[in-house]
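The values are calculated or read from the model by the stated rules, or taken from the named source; none is laboratory data. In this text the structure is predicted, and so the values were computed from the model without any measurement. We place every Cβ from the backbone using ideal geometry, glycine too, and count neighbours over all the protein chains shown.
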Amino acid sequence: MAGGWPERDRWLSVHEGRQRCLRCAGGVPLHGDRFSAGNGGQSATGRGRLPFGDLGTTLATSTTTAILPKATFKKGTYNFGVNWQATPDALFYAAARRGYRGGSYNSPLYDAFLSNVQTFRPETLDDVEIGTKLRWRGSGVNGSLDLALYRGVDKNVQLAFSTSQLIGAGIGCVPEAANTPGSTAPLCTTASGQPGRRIPVPAATTYVNAGKSVIQGFEAAATLSPTEGLTLSGGLSYVDFKAKSVTNDPALAAVFAANGRANPPFKLRQQPKWTVNAGLFYQYPNDVLNGTLVFNADARYTSRFLEQDFFLGSKFTVDANIGIRDVADSGVDVLFVATNIFNKKYDYGSFGSSAGNGYFSALYGAPRVLSVQVRYNFRN
């Protein structure tokens, strides 16, 4: 079941033992990243030498390289878990962990006034989770229920600030930059007569450790097998996001103020609040063509979610397949597959949309697709 919390299944293993037990596990790794980079600049020569070799004479009017300073990022993480096998069919667990996203560069080389945003630091997510996994059997009816609740605090969130069109002679005068050592930005005077500099921002997007947020929710998944060969399944997940604060770097905030710009909104993107799915699987008990007849259908609903500057609408799709496994005891499986059976039209992504420029574009999801899949299983 798709849900709102990434990488949970990667590390959390469910102990399906038949004994009552209490297990604990943990770790405290240290993550480290080191970067160095070069990027193009401007010169009056027609020949350039890059750190990784001479490219020879080119048709370019200028080819020089600016070397960004080395940047090293370190951050400790942790991962602790405890689970209790209360009965052979009931497991309860709790976990606490820290996720890590490494820092990196904003490039190309920024003016000395913006030296603090030349790099952005690691982002961390500290979360706790509790859950249970239950199984039951009896009287020909089997089932399962998995439930998880989680809450995480995301710190130093690497927010993308739009810094396009902050170059050229028409940008605002920044009085805070007037006496910045090493700045090469042109001098200017504000409308109130204060000395300053016109600080350019050479990148269209600048990442800043500006955000703090809380993300929480739950996931539930269940199965029910009321009779031989038939399994019903369902899942539900909910994600709640709250932005706690947005704090721009003071130097970049001064550039924004001089150019009449505000901090961007801090919102969770590409994540629906609700996800619901349901499935039906049936395996016919008798042989068909000396093989096994199977049928599977899956329905999925996702609520609307934010993509770039706009919301993409909710969607509901149904997929199904039917076929025979091991036809004539040959090791060959043949399946007839239909995706998006009802040929629903929906947006699954956006490309180049911009609220500031007043336009929206979307990428349509795949229409109904019918196919035949043939697979051969090699045997010993």
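Quick check on the stretch 194-213. Is at least one of its residues surrounded by 15 or more Cβ atoms within 10 Å (Cβ to Cβ) and under 30 Å from Phe92 (Cβ atoms)?
The answer is yes; a qualifying residue exists.
Which numbered condition trips up Pro226, out of (1) surrounded by fewer than 18 Cβ atoms within 10 Å (Cβ to Cβ); (2) under 21 Å from Ser162 (Cβ atoms); (3) not basic (Lys, Arg)?
Exception for Pro226: condition (2).
Can you go through Leu166, Leu109, Leu159, Leu149 and tell me which one is surrounded by fewer than 19 Cβ atoms within 10 Å (Cβ to Cβ) and not basic (Lys, Arg)?
Just one listed residue meets the conditions, Leu149.
With respect to Ser115, determine if the residue is more than 24 Å from Ala243 (Cα to Cα), out of contact with any Ser or Thr (no Cβ under 8 Å at 6 or more places or on another chain) and either assigned to a strand (DSSP E or B) or among the small types (Gly, Ala, Ser) (or both).
yes
Would a scan of the stretch 257-269 turn up a residue that is of a type in the set (D, E, K, R), outside any strand (DSSP E or B) and out of contact with any strand residue (DSSP E or B) (no Cβ under 7 Å at 6 or more places or on another chain)?
Taking every residue of the stretch 257-269 in turn, at least one turns out to be of a type in the set (D, E, K, R), outside any strand (DSSP E or B) and out of contact with any strand residue (DSSP E or B) (no Cβ under 7 Å at 6 or more places or on another chain).
Quick check on my filter: what residues within the stretch 169-193 are exposed (fewer than 13 other Cβ atoms within 10 Å of the Cβ) and assigned to a strand (DSSP E or B)?
Leu187, Thr189
When the residues of the stretch 309-338 are narrowed to those that are among the polar types (S, T, N, Q) and within 27 Å of Phe378 (Cβ to Cβ), which ends up modelled with the lowest pLDDT?
Ser330
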